[in-house]
Amino acid sequence: MMRAIPLILGLMWSGAAAAQGIDDAVTTFRLDNGMDVVVIEDRRVPVVQHMVWYRAGSADEPVGQSGVAHFLEHLLFKATETMESGELSATVAANGGRDNAFTSWDYTAYFQRVAADRLDLMMRMEADRMVNIRLTERDIVTERQVIIEERNQRVENNPRALFSEQMNAAQYLNHRYGVPIIGWMHEMETLDMEDALSFYRTHYAPNNAILIVSGDVDPEEVRRLAEIHYGPIPANPGVPERLRSTEPPQTAERRLVFRDARVAQPYVSRSYLAPERDPGAQDKAAALTILAEILGGGTTSYLVEKLQFDAQVAVYAGAFYRGISLDDTTFDLVVVPAPGVTLQQAEDAMDAALAQFIEDGVDPEQLERIKMQLRASEIYARDNAEGIAQRYGSALTSGLTVQDVQDWPRVLQAVTAEDIVEAARAVLRREASVTGWLMQAEEAMQ
């Protein structure tokens, strides 16, 4: 049965005709106040995904106020001039939908997924909280405690999360990507009303936002509703240009050891500073995307074969690359040693395997198999209105264009074996890396 899977995928690809050559049905326009609007039509199900993305995330926070972007995200579910605290979510639920929000380094997004005939109501409520949030000191105290507890649960009680924070901080010496999205605890504890409102007044404006509507929608109807609800909101001429401090050239490898008695499984982590997807120039990112799949994208990947099956020094090996990023991102490796294998032995084996890969080059059959899987995943992704909206939103708020998003599948298919090896040589350099060991506390090892 396993041998039939590539054939099935190939038949599916052939039967889908060149779905890679058929772009999403996307309409774009800009309101007079500067708000960008993207409409993605998919009439198969009478459901709509309504999203507002702000070009402001944790990397845009003032120094000393880490976590304020995420804090404000929580506060936007409080009262406005026309809605009581919690009313927006209650209204969405009462109309059979669901809503939420999320914050990243480069953006903050709010969404509702509802029946298509509820779009007018969603726009009215979302436009209201873009400018009319009304906070009380009680809101500040309550939600500050909520985000502190969230950090306690997700980070402070998780040694892997604490280790990941330290890896990021070591990788980014001068860029805000080295600061956790949720914030450093000592700064979260001091966030106040003025911090939240200052970030809100600075960044939450139509000319700093992208409205994305996907699903069973008509572009002209979306335009009409957007002009009614978002159009009257004045642009903010004071929205700052997104100027971030850049990383200095890394010329020496960095290392750290994180010890915690709660660690059940020690492992080695390695991150390399790597280029992100750039508008009109996504080739390097495409090569790195496929490199991550080749090295550690599954049970048939190169590192798994070399470390887990051949040398039997690891029980897990993985490689990861996140190309959607406004500034330089990272290429990451993880190796979990087998019982009786030290972290040093696991790291040495990983480095030997990487050197061997660069010498051996790419297996043509593996490359074709990965490209086929990527083609299939792109086809499947078209069936998810929520996923499509998020794909465009994350890309556009990270500096890419609609054309870049639509070109991406073709850019991936154009990657050659030589491109991948060249990307590996350029990025997998020890002097531009951070290596971390997550291990048990010394007292727990005795």
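Springs join every pair of Cα atoms under 10 Å in this Gaussian network model of the chain, and among Ala264, Ala116, Ala385 the largest mean-square fluctuation is at Ala264. The sum of -39500 (n - 2.57) across all DSSP H runs of n ≥ 4, divided by the residue count of the chain, sets its helix-only mean residue ellipticity at 222 nm to -12500 deg cm²/dmol.
Remark: the range 400-416, residue by residue, has Karplus-estimated 3J(HN,Hα) of 7, 10, 4, 4, 4, 4, 6, 7, 3, x, 5, 5, 4, 5, 7, 5, 9 Hz, where x stands for each Gly or Pro and the curve is 6.51 cos²θ - 1.76 cosθ + 1.60 at θ = phi - 60°. Sequence-ordered 3J(HN,Hα) estimates for the range 347-357 from the Karplus curve with 6.51, -1.76 and 1.60 and θ = phi - 60° stand at 5, 4, 5, 4, 5, 5, 5, 5, 5, 5, 4 Hz, glycine and proline given as x. Heavy-atom surface analysis with a 1.4 Å probe gives the range 289-373 a carbon and sulfur content of 51 percent of its accessible area.
Largest to smallest in accessible area, the residues Arg151, Arg124 fall in the order Arg124, Arg151 (1.4 Å probe, all protein chains included). Solvent-free Debye calculation, one equal scatterer per alpha-carbon of the range 18-91: log10 I(q)/I(0) at 0.18 Å⁻¹ equals -1.05.
Charges were assigned to the Cβ only: +1 to each Lys and Arg, -1 to each Asp and Glu. The resulting dipole of the range 390-434 about its Cα centre is roughly 160 debye. Binning all Cα-Cα separations of the range 359-428 at 10 Å, short to long from zero, yields these whole-percent fractions: 17, 39, 33, 11, 0. Multiplying each eigenvalue of the alpha-carbon gyration tensor of the range 78-133 by 5 and taking the square root yields semi-axes of 18, 15, 10 Å, largest first, rounded to whole angstroms.
In the context of the full set of protein chains, the chain has a per residue accessible area of 45 Å² (1.4 Å probe). Ranking Val334, Val402, Val362 by how far each Cα lies toward the positive end of the dipole of the range 323-446 (charges on Cβ) leaves Val402 at the top. The Rg/Rh ratio for the chain, using Cα coordinates for both the radius of gyration and the Kirkwood hydrodynamic radius, is 0.98.
To test your reading of the geometry: what angle, between 0 and 90 degrees and rounded to tens, separates the Cα axis of helix 364-381 from the longest principal axis of the chain? The angle comes out at about 20 degrees. Computed over the range 314-434, relative contact order equals 25 percent, with contacts defined as Cα pairs under 8 Å that lie 6+ residues apart. Let me spell out the model: positive unit charges on the Cβ of Lys and Arg, negative unit charges on the Cβ of Asp and Glu, origin at the Cα centre of the chain. What dipole size does that give, in debye rounded to 20? That gives a dipole near 400 debye. Compute the acute angle (0 to 90°) between the alpha-carbon long axis of helix 283-296 and the principal axis of greatest extent of the alpha-carbon atoms of the chain; round to the nearest 10°. Helix 283-296 sits at roughly 60 degrees to that axis. Need one word for the range 33-156: rounded, prolate or oblate. Basis is the Cα gyration tensor (sqrt eigenvalues a ≥ b ≥ c); a/c below 1.5 gives rounded, then a/b vs b/c decides. The shape class here is prolate. Ranking Leu119, Ile140, Met185 by how far each Cα lies toward the positive end of the dipole of the range 108-218 (charges on Cβ) leaves Met185 at the top.
Could you work out the relative contact order of the chain? I mean the mean sequence separation of Cα pairs under 8 Å and 6+ apart, divided by the number of residues, in percent. Dividing the mean separation by the residue count of the chain yields 22 percent.
In sequence order, the range 246-256 has phi-based couplings of 9, 6, x, x, 8, 10, 9, 5, 10, 9, 8 Hz under the Karplus curve 6.51 cos²θ - 1.76 cosθ + 1.60, θ = phi - 60°, and Gly or Pro positions carry x. Restriction of the GluC sites (Glu not before Pro) in the range 236-319 to DSSP coil positions whose beta-carbon has at most 11 other beta-carbons within 10 angstrom yields Glu241.
In terms of its Cα atoms, the range 288-398 spans 47, 30, 26 Å along the principal axes, sorted from long to short. If you take the alpha carbon atoms of the range 209-301 and fit the smallest convex hull around them, that volume is 310 Å³ per residue.
The values are calculated or read from the model by the stated rules, or taken from the named source; none is laboratory data. Note that the structure is a prediction, hence the values are computed from the model and not measured. Counting neighbours? That spans all protein chains shown, and the Cβs are built from the backbone with ideal geometry, glycine included. The area values use the complete protein model at the heavy-atom level, side chains included, leaving out ligands, DNA and RNA. Shrake-Rupley method; radii C 1.70, N 1.55, O 1.52, S 1.80 Å.
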